[in-house]
């Protein structure tokens with residue numbers, strides 16, 4: 001066997017040029033520029049890999065090749081995209097890290113060059129290589145931060161010499177593709193993390209609403225009923241004392257004061273039940289619940305409120321009703337606690353395939369850009385919660401405000 005024809009050469013970037021140079025650096029720069037644009041502008045990893053491979057194929061006329069990626073769980077290599085190779089060949093080239101030439105590159109992170117792969121005895125799937133008629137072979141790692149994510153194979157069906165220019169081009173493209181693969185992996189992990197976060201958030205809000213409903217029911221069935229009974233009994237005692245001719249004014253005044261406190265506590269419990277889970281939300285729906293909450297809280301604070309509700313019928317899902325009510329509850333609470341407003345407008349409209357809930361006030365306003373997170377004192381928690389609720393419903397939340405010009409809060413959620 002001819003040693004020169006079958007010898008495997010590992011190429012290092014700092015080694016001297018022993019293969020010659022054919023020029024064409026303008027084409028190389030154009031290829032790298034196109035791939036850089038794809039990496040920064042595309043999110044589809046397969047599309048980025050195809051662009052990288054197409055650029056290599058275009059510049060190196062007459063070659064075939066493909067990109068193999070590492071499966072982190074099984075520690076195996078397989079083709080993700082390929083060009084000029086048969087499907088049978090690409091599907092058959094599936095092996096462990098360290099197995100065959102591509103596996104060696106994936107394990108070592110160092111490229112391999114061969115002038116005639118068909119004469120190599122250490123290749124994997126030799127029968128497929130013979131069937132495909134492959135000769136010259138070049139394999140470079142796709143890595144980022146010294147982690148190998150895969151390899152790019154470039155092969156020719158006729159003997160040829162790969163040049164230093166080829167090496168530099170493939171190294172550059174390999175590095176860019178390695179970065180793209182790393183970004184895709186991080187984006188996938190981020191998406192999965194966000195999905196888990198949203199799932200946990202939905203479960204938390206569902207549990208929270210159920211707990212609110214439970215507490216409101218217990219307050220209604222137990223505490224509120226007991227307080228009502230106490231107020232009635234005190235009224236009965238007052239009447240009995242009057243009939244018995246008790247003239248002790250201090251005693252009668254204290255008795256009446258106690259009854260008044262019982263009534264006041266019962267009123268506060270009723271308000272608390274409404275905050276926890278308004279009965280109107282379950283019986284009549286979103287619009288009456290928002291109207292009741294706004295009138296109870298805003299008018300008590302001396303704020304005039306105007307409503308503009310479309311007839312939305314019964315097209316709103318229960319989760320959407322609850323989410324929009326809690327969003328409105330948060331916005332209204334912010335207004336009567338912090339805004340100093342005199343007038344508020346609340347509207348609910350259908351806009352195409354969305355419900356749009358808008359709440360406007362003429363208060364002192366604030367700089368929205370300064371509220372970027374929840375501060376230690378709790379500032380920003382309301383806006384954060386409002387935004388999160390809309391995200392969980394697949395909707396959006398926007399708040400516009402300027403100091404001295406009030407605020408506009410808008411929630412938009414899809415109808416279905």
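The values are calculated or read from the model by the stated rules, or taken from the named source; none is laboratory data. Everything numeric here is computed off the predicted structure, so don't read it as measured data. No Cβ is skipped: glycine too gets one built from the backbone with ideal geometry, and neighbour counts run over all protein chains shown.
At-a-glance table
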item: Residue 332 part of a loop (DSSP other than H, G, I, E, B) and either touching a strand residue (DSSP E or B) at 6+ places or on another chain (Cβ under 9 Å) or surrounded by 15 or more Cβ atoms within 10 Å (Cβ to Cβ) (or both); result: no
item: Long-range neighbours under 9 Å by Cβ, at least six apart or interchain, first residue within 21 Å of residue 281 (Cα to Cα) within the range 216-228, second outside any helix (DSSP H, G or I); result: 216/277; 216/278; 217/277
item: Condition met for residue 377 (assigned by TED's automatic domain parsing to the domain that holds residue 294 and modelled with pLDDT of 85 or more); result: no
item: Selection status of residue 136, out of contact with any helix residue (DSSP H, G or I) (no Cβ under 9 Å at 6 or more places or on another chain), closer than 23 Å to residue 54 by Cα and buried (at least 18 other Cβ atoms within 10 Å of the Cβ); result: no
item: Test set (1) under 36 Å from the mean Cα position of the chain (by Cα); (2) closer than 16 Å to residue 173 by Cα - residue 58 fails condition number; result: (1)
item: Qualifying position, being over 25 Å from residue 96 (Cβ atoms) and modelled with pLDDT of 80 or more, among 200, 190, 170, 177; result: 190
item: Matching residues in the range 335-360 - criterion: being crowded, with 21+ Cβ neighbours inside 10 Å and either in a loop (DSSP other than H, G, I, E, B) or not assigned by TED's automatic domain parsing to the domain that holds residue 407 (or both); result: 341
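To keep it simple, each residue is scored yes or no on (1) in contact with a helix residue (DSSP H, G or I) (Cβ under 7 Å, 6 or more places away or on another chain); (2) at pLDDT 90 or above; (3) exposed (fewer than 15 other Cβ atoms within 10 Å of the Cβ).
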site: 285; (1), (2), (3): yes, no, no
site: 294; (1), (2), (3): yes, yes, no
site: 307; (1), (2), (3): yes, yes, yes
site: 310; (1), (2), (3): no, no, yes
site: 314; (1), (2), (3): no, no, yes
site: 319; (1), (2), (3): no, no, no
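Quick grid of which residues meet (1) exposed (fewer than 12 other Cβ atoms within 10 Å of the Cβ); (2) under 29 Å from the mean Cα position of the chain (by Cα):
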position: 192; (1), (2): yes, yes
position: 202; (1), (2): no, yes
position: 248; (1), (2): yes, no
position: 257; (1), (2): yes, no
position: 289; (1), (2): no, no
